[in-house]
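The numbers here are math on the coordinates, done by the rules we state, and not lab data. All values reported here derive from a predicted model rather than from experimental measurement. As a convention, Cβ positions derive from the backbone with ideal geometry for all residues, glycine included, and neighbour counts pool all protein chains shown.
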């Protein structure tokens, strides 16, 4: 694992038990951060922590439900009590939500999607920012989506939740800046892995098409002709939370293989 100049950063990653969150946690640990792993899936968190530990890093698992403010506050309090500080938070927890036309979505599916993807981010930042304010420095990154910039068929709840994060981050950058904390958004594209496989399968069913045709459609939207890799996202987050990005706040960084360029 790397060894950054000065004390190791203490970094919280929500949704760290799988997918992008797992890769985020491993990437930050590799650069020398002490990583707090927060998610609901305790066995998976233990696996990620073991992987970090085997590589010589330090990780603390704190099972957390981001839809429950008390759970998030307890996780942050435990972090500060254990390490005495908080330098970085990556609000990565998210759910895919329903796939299909809005009028076929159950009201509870809509509510559940926004509860994690929007309210969960609110809870995470509300609880973590004051801990960073106390040291006068810090960086928060919210994981958004390409869907927050352009529509994707059958993904109304998800797209609504991700578009909300653009306004949240821009406003919060104004509010947190005077306290020395930077807030940015990363908008991944179609990230290779189980979630995009599920979306492709759902869209194939909804549109009456072959899964291979849907996958090719997704890949062809990129000038690079490929899906986004989780490591692409993690490397961008590592940059935005480093001293090299000290002058960057309130930005929305595209990490989507060129599918969206604005």
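DSSP bridge analysis restricted to the chain gives an antiparallel fraction near 0%, rounded to the nearest 5. Descending by average beta-carbon neighbour count within 10 Å, the peptides 168-179, 121-132, 80-91 line up as 121-132, 80-91, 168-179, the highest first.
Put simply, when 136-149, 189-202 are sorted by average Cβ atoms within 10 angstrom per residue, most first, you get 136-149, 189-202.
Quick one: angle between helix 42-54 and the longest Cα principal axis of the chain, in degrees between 0 and 90, rounded to 10, please. So the helix axis and the longest Cα principal axis differ by about 60 degrees.
Rounded to 0.05, the FRET efficiency of the residue 179 and residue 153 pair, given R0 = 30 Å and the Cβ-Cβ distance, is 0.15. Mean silhouette area of the stretch 121-262, derived from the convex hull of its C-alpha atoms and averaged over all directions, reads 8.8 nm². Rg then Dmax, both in Å and based on the Cα atoms of the chain: 17.8, 56. Multiplying the residue separation of residue 212 and residue 108 by 0.36 nm and subtracting their alpha-carbon distance yields 34.4 nm.
Fewest neighbouring Cβ atoms within 10 Å first, the residues 239, 153 line up as 153, 239. Would you mind classifying the stretch 4-86 by shape? Square roots of the alpha carbon gyration tensor eigenvalues, ordered a ≥ b ≥ c; an a/c under 1.5 is rounded, otherwise it is prolate if a/b is larger than b/c and oblate if not. Oblate, since a/c reaches 1.5 and b/c is not below a/b. With the helix formula -39500 (n - 2.57) applied to DSSP H stretches of n ≥ 4, the chain reaches a computed 222 nm mean residue ellipticity of -14500 deg cm²/dmol. Between the Cα long axis of helix 194-207 and the first principal axis of the chain there is an angle of about 20°, rounded to the nearest 10. Summarising the label geometry, the points placed 7 Å from Cα in the beta-carbon direction at residue 69 and residue 244 lie 3.8 nm from one another.
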